[in-house]
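Visitor: One structure coming up, written as structure tokens, with questions to follow.
The values are calculated or read from the model by the stated rules, or taken from the named source; none is laboratory data. What you see is a predicted model; the values in this text were computed from it and never measured. Virtual Cβ from ideal backbone geometry, glycine too; neighbours counted across all protein chains shown.
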Amino acid sequence: MRRPFRHSRSRKWPDQHRVGVQLRRLVTSVWVAGRQNGSPENACEEAAARCVAAYREHMAYLAEQPLLARSYERLDVDRLQTTATRGTLRKEIKRAAKRARRRTSDRALPRFTQQRDGTRRIVEEPPLITRPDPAQANQIAEALDSYLQTLPPHWARILAGYSISDIAHKVVGVGSVGMRAYIALCQGSSPDDVVFLQLKQARRSVVARFVHGDSAWHAHQGQRVVEYQQALQTVSDPLLGWTTVGDHQYYVRQFRDMKGAVTVDGIDACALANYAGICGLLLAKGHARTSGASMIAGYLGSSDHIDRAMCRFARRYAEQTERDYQALLAAVAQGVLHAEAGP
């Protein structure tokens, strides 16, 4: 007898259309990074092609692996160093790992908090960090109680040993412009035993209605973010969860959990191509965990046709990106948009 689990029939994972969108976005980012670093067009094309080829080849490999083996597939820092063939990239990976290990809640204490009347409080830095009014802070604290119910039981028990010391609104990066975001300082058994939690507003993707129609797949968009992140990553933040504050849905995570990133600004063309290949491999790993790996591998084929097609797309979209940026600068210069120059 062979009968699929009933749950699998209704499981909502990213479809092949969205998989293609994510690959195109990655390849375009590689081309834009190459131009930003002053690389010639042939070097940008080589890096983009390396990215797609790595994705295609690793997807073909994973399609032949058992489902559980795909889920266990991981690329840690040591293997990442081995995969990188360029010395400049290996050095940047080492620096990124070192920076990530310093991004923890206890190391954030001096940067974001101060002791006041025997209680540690978040330091306000208007307009980036501001304190909500007491009623709103209480509402957020109650939402964090509900958030605990979305965690695995053993993590919920651990986090329940902390108490909320302070809550603040904190402006986040460009990817979340216009969205609500808060940080909560939680203190444990000693003054240095702290956890920063971050609540980030989650809304339905702007492209979702074009793919799935007007009805959202998930009733809670914070849950959608958490489920997809856990599906794509071999190891996710164990404190990922979701909650609702008023009429707005949020996902919750650790504010500082040793997240890191490799800086591509200024790396040479060969190192960028090397890094692009690693990114393609990682994207294939995530997609093989969540989508039909065999179907994707069959669509991509074994030749370089898809590599060249993606490179053509990336070049055109990189040019469109530059035109959009020039239009933005013109709007700022004409006073249509207000902006402050960065450092």
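Visitor: For region 315-343, name all the residues that are in a helix (DSSP H, G or I) and in contact with a Leu (Cβ under 8 Å, 6 or more places away or on another chain). Don't jump to the end; show me each part of the working.
Guide: Narrowing region 315-343 to residues in a helix (DSSP H, G or I): 315-333.
Hits for region 315-343 are Leu328, Ala331.
Visitor: Tell me, yes or no, whether region 117-136 has at least one residue that is modelled with pLDDT under 80, in a loop (DSSP other than H, G, I, E, B) and under 22 Å from the mean Cα position of the chain (by Cα). Steps first, please.
Guide: Of all residues in region 117-136, those modelled with pLDDT under 80 come to 117-119.
Add one more test, that the residue is in a loop (DSSP other than H, G, I, E, B), and what stays is 117-118.
Checking the rest, the ones that are also under 22 Å from the mean Cα position of the chain (by Cα) come to none.
No.
Visitor: Taking only pairs six or more apart or across chains, which ones have beta-carbon atoms under 8 Å, a first residue in region 317-337 that is more than 18 Å from Arg35 (Cα to Cα), and a second residue that is modelled with pLDDT under 95 and loosely packed, with under 11 Cβ neighbours inside 10 Å?
Guide: Sorted first by the residue in region 317-337, then by its partner, the pairs are Val332/His338; Val332/Ala339.
Visitor: For region 265-297, give me the residue count where each residue is of a type in the set (Asp, Glu) and either under 17 Å from Leu232 (Cα atoms) or crowded, with 23+ Cβ neighbours inside 10 Å (or both). Working first, answer last.
Guide: Applying the first criterion (of a type in the set (Asp, Glu)) to region 265-297 yields 265, 268.
Adding the requirement that they be either under 17 Å from Leu232 (Cα atoms) or crowded, with 23+ Cβ neighbours inside 10 Å (or both) leaves none.
Final tally of qualifying residues: 0.
Visitor: Restricting attention to region 30-45, which residues are farther than 8 Å from Ala318 by Cβ, of a type outside the set (Gly, Ala, Ser) and surrounded by fewer than 19 Cβ atoms within 10 Å (Cβ to Cβ)?
Guide: Initial filter on region 30-45 (farther than 8 Å from Ala318 by Cβ): 30, 33-34, 36-43, 45.
From what is left, the residues that are of a type outside the set (Gly, Ala, Ser) are 30, 36-37, 40-42, 45.
Within region 30-45, Gln36, Asn37, Pro40, Glu41, Asn42 qualify.
Visitor: Provide a single number: the residues in region 194-226 that are closer than 25 Å to Ile140 by Cα and without any contact (Cβ under 8 Å) to a residue 12 or more places away in the chain.
Guide: Summing the residues that are closer than 25 Å to Ile140 by Cα and without any contact (Cβ under 8 Å) to a residue 12 or more places away in the chain in region 194-226 gives 2.
Visitor: Here is a list of conditions, (1) in contact with a Leu (Cβ under 9 Å, 6 or more places away or on another chain); (2) modelled with pLDDT of 85 or more; (3) assigned to a loop (DSSP other than H, G, I, E, B), and Val262 meets all of them except one; can you say which number that is?
Guide: Every condition holds for Val262 apart from (2).
Visitor: Here's something else I'd like to know. Which one of Val225, Val332 is touching a strand residue (DSSP E or B) at 6+ places or on another chain (Cβ under 6 Å) and at pLDDT 85 or above? Reasoning before the result, please.
Guide: On the way: Val332 fails: touching a strand residue (DSSP E or B) at 6+ places or on another chain (Cβ under 6 Å).
That would be Val225, the only listed residue that is touching a strand residue (DSSP E or B) at 6+ places or on another chain (Cβ under 6 Å) and at pLDDT 85 or above.
Visitor: Let me ask another. Name the single residue that is nearest to the chain's Cα centre (by Cα) among those in region 46-65 being aliphatic (A, V, I, L, M) and surrounded by fewer than 24 Cβ atoms within 10 Å (Cβ to Cβ). Break it down into steps so the answer makes sense when it comes.
Guide: So in region 46-65, the residues aliphatic (A, V, I, L, M) come out as 47-49, 52-54, 59-60, 62-63.
Filter once more, keeping what is surrounded by fewer than 24 Cβ atoms within 10 Å (Cβ to Cβ): 49, 53-54, 60, 62-63.
On the way: Ala49: 23, Ala53: 23, Ala54: 20, Ala60: 25, Leu62: 22, Ala63: 24 Å.
Filtering region 46-65 for residues that are aliphatic (A, V, I, L, M) and surrounded by fewer than 24 Cβ atoms within 10 Å (Cβ to Cβ), the one nearest to the chain's Cα centre (by Cα) comes out as Ala54.
Visitor: Is it the case, given these coordinates, that Gly301 is within 26 Å of Pro66 (Cα to Cα) and either small (Gly, Ala, Ser) or not assigned by TED's automatic domain parsing to the domain that holds Asn42 (or both)? Spell out how you get there, then give the answer.
Guide: Details: within 26 Å of Pro66 (Cα to Cα): yes; either small (Gly, Ala, Ser) or not assigned by TED's automatic domain parsing to the domain that holds Asn42 (or both): yes.
It is true that Gly301 is within 26 Å of Pro66 (Cα to Cα) and either small (Gly, Ala, Ser) or not assigned by TED's automatic domain parsing to the domain that holds Asn42 (or both).
Visitor: Let me ask another. Just to be sure, is Val171 surrounded by fewer than 17 Cβ atoms within 10 Å (Cβ to Cβ), farther than 23 Å from Pro238 by Cβ, more than 26 Å from the chain's Cα centre (by Cα) and without any contact (Cβ under 8 Å) to a residue 60 or more places away in the chain?
Guide: Working: surrounded by fewer than 17 Cβ atoms within 10 Å (Cβ to Cβ): yes; farther than 23 Å from Pro238 by Cβ: yes; more than 26 Å from the chain's Cα centre (by Cα): no; without any contact (Cβ under 8 Å) to a residue 60 or more places away in the chain: yes.
The answer is no for Val171.
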